[in-house]
Each structure stands twice: as structure tokens, then as C-alpha cells.
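Q: Sharing a structure with you now.
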Amino acid sequence: MKVAILRPEHVADETVEMFRKQGFDVISIPFIKIVPRDFKFDPTNYDVLIVTSRTSARIMVERGIKHENVIAIGKKTAEELKKAGIVAKIPTRFDSTTLYEEFKDELKGKRAAVLRSNRGDPILLNLPNVEEIILYDIEFEWGEKQKKLLKDLDFDAIVFSSRMTVKSFFGLADYLGINIVNRLKDKIVIAIGPPTREELRKIGIEALMPEEWTFDSILKLLKSIKTEEMS
């Protein structure tokens, strides 16, 4: 089975290696890129920090930003923070909506900073006394590699790991005049979590979604599909 993974280059290598070890042929082409911002931030001004992505966590570690009270979306984000000795709480599901629902009462009366990209889910801004700190911008990658992937569609399955990846992929298809929705009907389309799945639904694609919103769980899902096809 040939799988297309569209993650940014700085986080793709680990995922590609994991899939290849399990016998998958992987095409790794990024459809978004990370552009760090120059920002000033004093964590002592806040009672809690909310870290929404592994990229945000990595930037925090690189900048030496620490705090005793941190909430992180996802196990991988928490693992990144642990490298700097930061032990983070995580919601039961790895998305902003679950974090909001599970921590909104705990955060009442506390000053919170949300450290994330310029494309973050607006729901976290509904938390009381919250400030958004933009660490990086997400931009589309529309080069020759991306155009070739869309024209050839030489894969059996494709994994969308964020809403912005969906927007970039289908935005480029529109720009090129490719009716990509029809051409994906015979492919396996996977969304890593509800926001990404909803973005695909807007376009008319019903994607599969793993039980846990991680690449480990996506790998398990693809392995089960592969087993069914072989039986």
C-alpha cells in the first residue's frame, strides 16, 4: 500500500520511518510550511500555559520558556515539553474543543496564555482571561512536488493531519483546475481528528478517522485495512 503523508518537513521524517518499518510505501510531500515569528513572551505573567502543537512545544523548548502549570494537546506535544523538564496535563482527546470543555472550569480566575500558530482554533479564546501568543505562521507549500502529486495521485491512501493541510491541498487543486474530489473517490482518505474531518466534509469527502488522533493510531487503522484487503 502506498501512502501519501503531507506533513511539514520538520516533523515528517519520524512519521515516514514509522510507516516504512511497517511495510508501507510512503510519499512524503509537505503542503504547509512553518515560519517562526520573532516574539517576546514572559511566562511569569500567566498562571497557566496552553500549548497546542508539537511545533509550539519545540519552539518553547528552544527558547527556554518554562512553567510549572502547562496543558498540552497530545502525547507528542507533552513528550516534546518533557525534554525541558516540563510535565504537562493533556485532555482525553487531542483537540482544542476537548481541552476547552475539560479545563474551562479549572481555568476560571486564572491568567492563561495559548501558545500556537496564526491558524489556531478560535474556541480556546473563549476561555476566561486568556491571551493568544502567536509563535509561528502556517503558509501553503505550492511547488512543483505538490503539483506533481495532485496531477498523478500516485498513492492508495492519503493522510490529512490538519485543517490547513486540507485547505492547501484542495486550494492548489482548484488553482490547477483539477477536479480532485472525484479523483479521490477510489482512494483511502484519512483525517487525524474531527476538525480535519469536518474540513474535508465541507468539500464533499467523508474521511476515515482513527480512534486516537495520532499517527500511531492512523498506522493501526491502515494496517487493519491492509489486512482486510489481503484476506
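Please treat every number below as a calculation from the coordinates, not as lab data. If you're wondering where the values come from, they're calculated on a predicted model, not measured in any experiment. Neighbour counts are summed over all protein chains in view; Cβ atoms, including those assigned to glycine, are modelled from backbone coordinates with ideal geometry.
Q: Return, ordered by residue number, the residues of segment 34-49 whose backbone nitrogen is under 14 Å from a label point located 7 Å along Cα→Cβ of Lys66.
A: Under cut-off, by backbone N: 43-44.
Q: Check cross-link reach from Lys2 to the aspartates and glutamates: straight Cα distance under 18 Å, and skip same-chain residues fewer than eight apart.
A: Asp13, Glu14, Glu17, Asp25, Asp152, Asp154, Asp156, Asp186, Asp216, Glu228, Glu229
Q: Could you tell me which of the pairs Lys33/Lys187; Lys104/Lys147; Lys40/Lys220; Lys75/Lys108 are separated by over 31 angstrom between their Cα atoms in the structure shown? The partial results should precede the final answer.
A: Values: Lys33/Lys187 25 Å; Lys104/Lys147 42 Å; Lys40/Lys220 41 Å; Lys75/Lys108 25 Å.
Over 31 Å apart, Cα to Cα: Lys104/Lys147; Lys40/Lys220.
Q: Would you mind computing, in nm to one decimal, how far apart the modelled labels at Lys104 and Ile123 are, each placed 7 Å from Cα along Cα→Cβ?
A: So the label points at Lys104 and Ile123 sit 0.9 nm apart.
Q: Then there's this: Considering the zone a paramagnetic label at Arg37 would reach in this model (a point 7 Å from Cα along the Cα-to-Cβ line), which residues of segment 120-158 have amide N under 18 Å from it?
A: What the label zone holds, given the 18 Å backbone N cut-off, is 120-127, 130-140.
Q: Quick one: if the Förster radius is 30 Å, what FRET efficiency do Asn45 and Glu9 give, using the C-beta to C-beta distance and rounding to 0.05?
A: Details: r = 33 Å, r/R0 = 1.11.
The calculated FRET efficiency here is 0.35.
Q: Further, regarding this structure: Rounded to the nearest 500 deg cm²/dmol, what is the calculated helix-only ellipticity per residue at 222 nm for the chain, with -39500 (n - 2.57) per DSSP H run of length n ≥ 4? List each step's numbers first, then the result.
A: Working: 9 runs with 92 residues, N = 231.
Theoretical 222 nm ellipticity from helices: -12000 deg cm²/dmol.
Q: When only Cα pairs under 8 Å and 6 or more residues apart are kept, what is the percent relative contact order across segment 1-101? Could you put the intermediate results ahead of the total?
A: Values: 141 pairs, mean separation 19.2, N = 101.
Once divided by the residue count of segment 1-101, the mean separation gives 19 percent.
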